[in-house]
1. Considering only residues of the range 122-141 that are in contact with a strand residue (DSSP E or B) (Cβ under 6 Å, 6 or more places away or on another chain) and closer than 30 Å to residue 59 by Cα, which is surrounded by the most Cβ atoms within 10 Å (Cβ to Cβ)?
2. Kindly establish whether residue 58 is surrounded by 15 or more Cβ atoms within 10 Å (Cβ to Cβ) and either in contact with a helix residue (DSSP H, G or I) (Cβ under 7 Å, 6 or more places away or on another chain) or in a loop (DSSP other than H, G, I, E, B) (or both).
3. Looking only at residues in the range 142-157 that are in a loop (DSSP other than H, G, I, E, B) and touching a strand residue (DSSP E or B) at 6+ places or on another chain (Cβ under 6 Å), which one is farthest from residue 76 (Cα to Cα)?
4. Mind listing whichever residues of the range 179-202 are in a loop (DSSP other than H, G, I, E, B) and more than 20 Å from residue 8 (Cα to Cα)?
5. Let me spell it out: the conditions are (1) out of contact with any helix residue (DSSP H, G or I) (no Cβ under 6 Å at 6 or more places or on another chain); (2) under 22 Å from residue 124 (Cβ atoms); (3) at pLDDT 95 or above, and residue 239 meets all of them except one. Which number is the exception?
6. So which residues in the range 121-141 are assigned to a loop (DSSP other than H, G, I, E, B) and touching a helix residue (DSSP H, G or I) at 6+ places or on another chain (Cβ under 8 Å)?
7. Starting from the range 132-157, keep only residues that are at positive phi and modelled with pLDDT under 95, then list their pairs with residues that are in a strand (DSSP E or B) and surrounded by fewer than 24 Cβ atoms within 10 Å (Cβ to Cβ) whose Cβ atoms are within a distance under 9 Å, requiring at least 6 positions of separation or different chains.
8. Taking interchain pairs and intrachain pairs at least six residues apart, which have beta carbon atoms under 7 angstrom, with the first residue in the range 23-34 and farther than 17 Å from residue 67 by Cβ and the second in a helix (DSSP H, G or I) and at pLDDT 95 or above?
């Protein structure tokens, strides 16, 4: 059972959660968001909606990710409160769930700006006092394309969730650093135990805040798209958007504070620095 895998290894994979037809519709939504991001030509923010556009020395502007597109895209928004998501998440952290991640990831073929250094997601849970229970969090990732070593699939270190917070010494953004195995060795970890998180379109992966993971470049001829939705037990977290109350889905309204500190003072469209 996947629940046993999650408890033992710190991650789990559930196959064929979304149908081929649903994957096609979601892939089209990804393409719309990518086109919207590229139209700006650089990183853009409007409230919690954020497009991160990098500059590849060969390919030019490359879309790295989009945060909170569900505020305006109904196809993407339906996934975050899909009954299947609740059925999977509720046994782990309950029926009252806030959402702190709603994010699209692209890995553009051949781009050097598409790696993620080995890290734990607890690194991003700031301020710590707003996230009071690191074990009350479940990240989900829905594959829209084949995830293989060649396409830059996640690589995970099974059992690393039992180590607590590990100093992996990533300088700067995780997404601006290569997935270097030397960083694991320096932390006293064995890179030989890494596992490729191989997924087919429609498969859903789950992991927790302490699982060590990263990913390399996409060396195939097509995009590698991954839809992340992260949930937290509502009574343990002061931030996020409600996803389910008492097991009932919640729609998005006025944007709430998630990770953008200036959401209430700078909600207008703008091009952030850096």
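The values are calculated or read from the model by the stated rules, or taken from the named source; none is laboratory data. From a predicted model like this one, the values you see are computed outputs, not experimental measurements. Virtual Cβ from ideal backbone geometry, glycine too; neighbours counted across all protein chains shown.
1. Per the stated criteria, the residue is 141.
2. no
3. Looking at the filtered set, the residue picked out is 149.
4. Hits for the range 179-202 are 179, 180, 187, 188, 200, 201, 202.
5. (1)
6. If we filter the range 121-141 for residues that are assigned to a loop (DSSP other than H, G, I, E, B), which is where we start, we get 125-127, 132-136.
Result: 132, 133, 134, 136.
7. From the range 132-157, the pairs are 152/116.
8. 25/75
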